Each structure stands twice: as structure tokens, then as C-alpha cells.
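Q: Here it is, the structure in full.
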Amino acid sequence: MNRTTLEQGRRCQWFCFPVWHHGRGRLGRHRGANEDVLKQIDGYLAQAGSSKTKLVCANIWLSTIANAPGMNKVWESWIGRENTPARATVESQLATPAILVEIMVQATLS
């Protein structure tokens, strides 16, 4: 995410950023990809002065919907019960076959 994106988000009190990651991870290919993306989101949120507790909505694209149950487990463990944003999860042909999951979130800055 570039600085301009963050500055634009600060002006309107919202920001939005896409994150995608290639499938890899010690705990299994799909689970590892999901965990890696959520770790990146934590970093971007911290860089912007926000956190996952301030998420408003999330869109999740999976390379195959068969991975949804595993994604749900990883997501629920990461987000917790107190701060669940509106969320949509769909199957989509992603940019390359190596990309297993793509997540876009919106969060408040204040």
C-alpha cells in the first residue's frame, strides 16, 4: 500500500486496500495462505493507525469455494466474536492459479 492511499483514507476517515497472497504455509497450503494474508492485513492496519477491531466490511475471494470452511476457521480465529464486520466470501478465478485467496477490507481510522 502506498502512502497516497493512506493519506486519502485519512482525509475521508475510511481506507480500503486489497491484499492477495500466493498459497504457501507450513500448516497446509490454503490455511497458510489465509493466515499470511491476515497477517499482512494486521500490518497494513497498524501502519495506517487502525486495527482489525475497526473493520467495517471484508470481501474474500477464494480460488475454490471448497476452501471456504477452512477459511472460515482461520477468519473466525483471527477476527474474534466481538468485532465481526460485514463479510462476503465468493469463489473467483483469481489473477493466477498460484493465488488462492484475495481479501479486501475497509476500516475506520478513528
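Q: Hey, what did the range 54-110 get for relative contact order, percent, Cα under 8 Å, at least 6 apart?
A: Relative CO of the range 54-110 lands at 62 percent.
Q: Another question, then. Check each of the trypsin sites (Lys or Arg not before Pro) in the range 68-110 and keep only those in coil by DSSP with at most 11 other C-beta atoms within 10 angstrom; list them in order.
A: 81
Q: Once a ≥ b ≥ c are taken as the square roots of the eigenvalues of the Cα gyration tensor of the range 60-110, is the result rounded (a/c under 1.5), prolate (a/b larger than b/c) or oblate (a/b not larger than b/c)?
A: oblate
Throughout, read-outs are computed from the coordinates displayed, never taken from laboratory work. Here the structure is a predicted model, which means the values were calculated and not measured. All Cβ positions, even for glycine, are placed from backbone atoms using ideal geometry, and neighbour counts span all protein chains on display.
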